[in-house]
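Q: To start, I am sharing the structure in question, which I have written as structure tokens.
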Amino acid sequence: MKMEISVPEVMELINGIRQEPETLFEMIRVNVKESVGQYLSGLMETELTGFLGRGPYERLEEQSNHRNGSYGRRFTLKGIGEVSVKVPRDRSGEFRTHVIPRSKQYEDAIRKDLCVMFLGGVSTRTLSMLSETLIGRKLSPMEVSKASKELTEAVEAWRERDLSLEPIKYMYIDGTLFSMRIDGSIEKVPVLVVIGVTEKGHRTVLALQAGNKESASAWRELFKDLKRRGLDSSQVRLGIMDGLSGLEKVFLEEFPSAKVQRCQFHVARNILAKVPRKLKKMVADEVRSIFYASSRKTAIQFFHDFKQAWEQELPSAVKCLENSLGSCLTYLQFPEEEWICLRTTNVIERLNKEFKRRTKPMEIVAGERSCYTLLAFVSLKMEMHWRSKPIGKVPINLPFFKKLAATNFTQNC
């Protein structure tokens with residue numbers, strides 16, 4: 001049947017578009033959806049024809065299976081939205097279309113986009129609210145969570161990756177807390193984090209593992225797991241950490257060739273906690289002079305001066321510094337251009353800060369595996385940032401900077 005449209009009808013349509021331009025795009029979207037739906041329905045009809053071995057209304061005496069109408073369903077496509085299709089059936093119920101699998105409500109490209117947005121910081125609830133606008137179909141928070149769970153396998157493979165090809169010389173060690181939903185209740189769960197530094201100065205996240213950060217046995221199991229994955233313990237020369245109970249002892253037992261660097265920031269904070277408010281600035285300046293001395297000999301001399309000046313008035317602060325002084329100055333035994341990165345645990349504290357920033361919109365993380373997925377994504381982003389910034393004042397992969405500075409920006413006296 002030929003369809004004819006009169007001139008007045010065309011003019012009325014044009015006037016409507018002039019008044020509301022969005023009407024045209026809405027009409028186009030509707031027509032596109034209808035065309036795509038018809039196209040997919042036609043593909044499935046052709047698929048059924050191939051399955052039965054004959055077209056509609058054809059009969060073969062040796063075959064008893066026949067077409068049996070169709071049923072309607074909806075499927076969401078990226079860039080198009082939700083389309084209506086007719087899925088053909090056979091009388092025996094043996095036909096299964098591969099064009100639109102029964103178990104899927106939307107194509108894989110949408111699932112991947114949902115995963116990227118979820119990892120990037122959009123909560124499942126927000127994604128659910130925006131889903132109809134973004135993809136043309138309303139998704140429940142449960143559907144969004146289900147899509148993100150498909151990342152679990154890739155995350156576990158990354159967490160268990162082989163470390164034998166990554167020679168590690170330094171390790172930053174710390175733990176941080178997350179609110180997780182465990183067995184129907186909200187619990188504060190610690191996650192142990194280890195960052196390694198390769199021989200070329202590049203940082204990489206070696207471990208993310210739930211465990212009590214105050215437990216020496218938990219840290220021992222983590223270190224053993226790193227070695228099981230191929231980490232060469234004989235190559236590890238330094239561990240940078242704060243004063244977690246039992247951690248230093250366990251670290252030295254598992255990595256006998258290494259030394260310990262206590263985070264100077266944490267030690268200074270413990271010292272100042274034992275100092276009256278009016279003396280904090282003066283004491284802090286003197287402690288800073290000790291920690292930033294140009295040599296171990298100078299640092300020890302500054303400490304003796306500090307001890308002589310404050311032992312009578314602040315014995316607890318002096319004792320606190322004295323007990324930690326040796327492990328606070330370990331960095332002086334390593335290359336000077338790396339000192340700035342070895343004094344404190346700032347590297348891992350920055351990573352923990354990024355972890356908190358990502359999980360803050362969620363308030364509560366939906367379990368341990370979900371937590372690993374988010375932290376792995378943040379870790380990989382940070383590693384990309386670290387690639388251009390090896391530890392040390394001057395990137396060791398750009399040695400011409402040193403030569404350039406020496407020849408063009410250094411005064412010759």
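Q: Can you tell me which of (1) open to solvent by 50 Å² or more (accessible area, probe 1.4 Å); (2) closer than 16 Å to Glu322 by Cβ is the one Lys281 doesn't meet?
A: So Lys281 meets the others, but not (2).
Q: Scan region 354-369 and give yes if some residue there is of a type in the set (Gly, Ala, Ser) and assigned to a loop (DSSP other than H, G, I, E, B), otherwise no.
A: Yes, region 354-369 contains at least one residue that is of a type in the set (Gly, Ala, Ser) and assigned to a loop (DSSP other than H, G, I, E, B).
Q: Can you tell me how many residues within region 70-86 are out of contact with any Ser or Thr (no Cβ under 6 Å at 6 or more places or on another chain), aliphatic (A, V, I, L, M) and open to solvent by less than 20 Å² (accessible area, probe 1.4 Å)?
A: Total satisfying the criteria: 1.
Q: So Ile80 fits all but one of (1) modelled with pLDDT of 80 or more; (2) closer than 30 Å to Leu151 by Cα; (3) among the hydrophobic types (A, V, I, L, M, F, W, C); what number is the exception?
A: It is condition (1) that Ile80 fails.
Q: Between Thr97, Thr46, which is surrounded by fewer than 14 Cβ atoms within 10 Å (Cβ to Cβ), among the β-branched types (Val, Ile, Thr), at pLDDT 80 or above and not in a strand (DSSP E or B)?
A: Going through Thr97, Thr46 in turn, just one is surrounded by fewer than 14 Cβ atoms within 10 Å (Cβ to Cβ), among the β-branched types (Val, Ile, Thr), at pLDDT 80 or above and not in a strand (DSSP E or B): Thr46.
Q: Sticking with this one: Are there any pairs with C-beta distances below 6 angstrom linking a residue in region 170-189 that is exposed (fewer than 14 other Cβ atoms within 10 Å of the Cβ) to a residue that is charged (D, E, K, R), with the two at least 6 apart or on different chains, and if so which?
A: Listed pairs, sorted by first residue: Leu177/Lys188.
Q: Residues in region 342-350: is at least one out of contact with any helix residue (DSSP H, G or I) (no Cβ under 9 Å at 6 or more places or on another chain), among the charged types (D, E, K, R) and not in a loop (DSSP other than H, G, I, E, B)?
A: No, region 342-350 contains no residue that is out of contact with any helix residue (DSSP H, G or I) (no Cβ under 9 Å at 6 or more places or on another chain), among the charged types (D, E, K, R) and not in a loop (DSSP other than H, G, I, E, B).
Q: Quick check on region 173-184. Is at least one of its residues aromatic (Phe, Trp, Tyr), at pLDDT 70 or above and under 30 Å from Arg237 (Cα atoms)?
A: There is no residue in region 173-184 that is aromatic (Phe, Trp, Tyr), at pLDDT 70 or above and under 30 Å from Arg237 (Cα atoms).
Q: Give the residues of region 193-212 that are out of contact with any Phe, Trp or Tyr (no Cβ under 8 Å at 6 or more places or on another chain) and open to solvent by 30 Å² or more (accessible area, probe 1.4 Å), sorted by residue number.
A: Across region 193-212, the qualifying residues are Glu199, Lys200, Gln209, Asn212.
Q: Here is a follow-up. So which residues in region 323-356 are free of Cβ contacts under 8 Å to residues at least 40 places away in the same chain and open to solvent by 10 Å² or more (accessible area, probe 1.4 Å)?
A: Within region 323-356, Asn323, Leu325, Gly326, Leu332, Glu336, Trp339, Arg350, Lys353, Glu354 qualify.
The values are calculated or read from the model by the stated rules, or taken from the named source; none is laboratory data. Being a predicted model, the structure only gives us computed values, none of them experimental. Neighbour counts run over all protein chains shown; Cβ positions are idealised from the backbone, glycine included. Side chains are part of the model used for accessible areas, which takes the heavy atoms of the whole protein and leaves out ligands, DNA and RNA. Shrake-Rupley method; radii C 1.70, N 1.55, O 1.52, S 1.80 Å.
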